[in-house]
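Reading through the structure tokens given below for one structure.
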Amino acid sequence: MSLYAISDLHLSFADTIEKPMDVFGPEWENHAERLRAAWIRLVKDEDTVVIPGDISWGMSLEEAKPDLAFIDALPGKKVLLRGNHDYWWASMKKMRGLFKSIEFIQNDAYEGDNFVICGCRGWYFPGTAPKDMTIEESEKIYRRELLRMEMSIEAAKKLGTNKEIIVATHYPPIDKFHVSTEFSNLFDRMGIKKVIYGHLHGKRVETALEGEIDGIYYTLVSLDRLDATPKIII
């Protein structure tokens, strides 16, 4: 029973969405079908795949349903976390139970046979902000996401004290200069050893943090980084 990961699927199967990803480069050409073929080749029904964000271009849950159905039809159990483009993300009450093989994480954790998955979306590093937001507004979201991460890790520890805890987050929790952040300090304080993340694409992939830093192993799992192929984590 293996654990795989891949993020930033950027699916758009709904008829109301026109988001061709190949405009971002050849690595995105026919990416959904390439993902499907690689997934079926690697993942077994007893395996789990964690998808840390940017799953669907849908603007509502109804618009995202064709994309979630695509994921549901693939082998294995799927554990989804929110990304910055997942505007369709609704309340847990509305999402849970919609698809047989899909679980969602928000302020909680998912227990597998030999691992526990936890995490949150994450956010911009302090001192930076998206174009439509002030630094102060952005840092409020960062603090909220940090709290959500702590809640999720605590939930993971309650679920499986003897199982490996894997943290999944959409935004990079530490930068390319390896400067510690409140997220990496939290991981260290709570004994986390493996962190997977997405969000980075194109040239930013070349400078992404990967490998072991201060005893924590970081892995970038963006679809274009992985050539549309789920990466084995355990």
Please pick out the residue among Lys93, Lys78 that is charged (D, E, K, R) and assigned to a strand (DSSP E or B). Lys78
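Can you say whether Ala109 is in contact with a strand residue (DSSP E or B) (Cβ under 7 Å, 6 or more places away or on another chain), more than 17 Å from Ile6 (Cα to Cα) and of a type in the set (Gly, Ala, Ser), as far as the supplied structure shows? If you could, list the steps in order and put the result at the bottom.
Values: in contact with a strand residue (DSSP E or B) (Cβ under 7 Å, 6 or more places away or on another chain): yes; more than 17 Å from Ile6 (Cα to Cα): yes; of a type in the set (Gly, Ala, Ser): yes.
So Ala109 passes the test.
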Among the numbered conditions (1) among the aliphatic types (A, V, I, L, M); (2) in contact with a helix residue (DSSP H, G or I) (Cβ under 6 Å, 6 or more places away or on another chain); (3) modelled with pLDDT of 95 or more, tell me where Ile141 comes up short. (2)
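Look at Ser56 and say whether it is under 24 Å from Trp123 (Cβ atoms) and exposed (fewer than 13 other Cβ atoms within 10 Å of the Cβ). Break it down stepwise before answering.
Values: under 24 Å from Trp123 (Cβ atoms): yes; exposed (fewer than 13 other Cβ atoms within 10 Å of the Cβ): no.
Criteria not met by Ser56.
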Kindly evaluate Ile17 against the criterion of being of a type in the set (Val, Ile, Thr) and in a strand (DSSP E or B). no
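Results for (1) assigned to a loop (DSSP other than H, G, I, E, B); (2) buried (at least 18 other Cβ atoms within 10 Å of the Cβ); (3) of a type outside the set (D, E, K, R), shown as yes or no for each residue.
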position: Trp123; (1), (2), (3): yes, yes, yes
position: Thr128; (1), (2), (3): yes, no, yes
position: Asp132; (1), (2), (3): yes, no, no
position: Glu136; (1), (2), (3): no, no, no
position: Tyr142; (1), (2), (3): no, yes, yes
position: Met151; (1), (2), (3): no, no, yes
position: Asn162; (1), (2), (3): yes, no, yes
position: Val167; (1), (2), (3): no, yes, yes
position: Pro172; (1), (2), (3): yes, yes, yes
Looking for something modelled with pLDDT of 95 or more, crowded, with 18+ Cβ neighbours inside 10 Å and within 23 Å of Ile233 (Cα to Cα) - is there at least one such residue anywhere in segment 85-94? no
Which of (1) charged (D, E, K, R); (2) in contact with a Ser or Thr (Cβ under 8 Å, 6 or more places away or on another chain); (3) closer than 29 Å to Ile234 by Cβ; (4) part of a helix (DSSP H, G or I) does Asp54 not meet, given it meets every other one? (4)
Inspect segment 21-43 for any residue being modelled with pLDDT under 95, of a type outside the set (A, V, I, L, M, F, W, C), in contact with a Phe, Trp or Tyr (Cβ under 9 Å, 6 or more places away or on another chain) and surrounded by fewer than 22 Cβ atoms within 10 Å (Cβ to Cβ) and give the result as yes or no. yes
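The values are calculated or read from the model by the stated rules, or taken from the named source; none is laboratory data. Bear in mind the structure is a predicted one, so any value in this text is a computation, not a measurement. Note: ideal-geometry Cβ built from the backbone for every residue, glycine included; neighbour counts use all protein chains shown.
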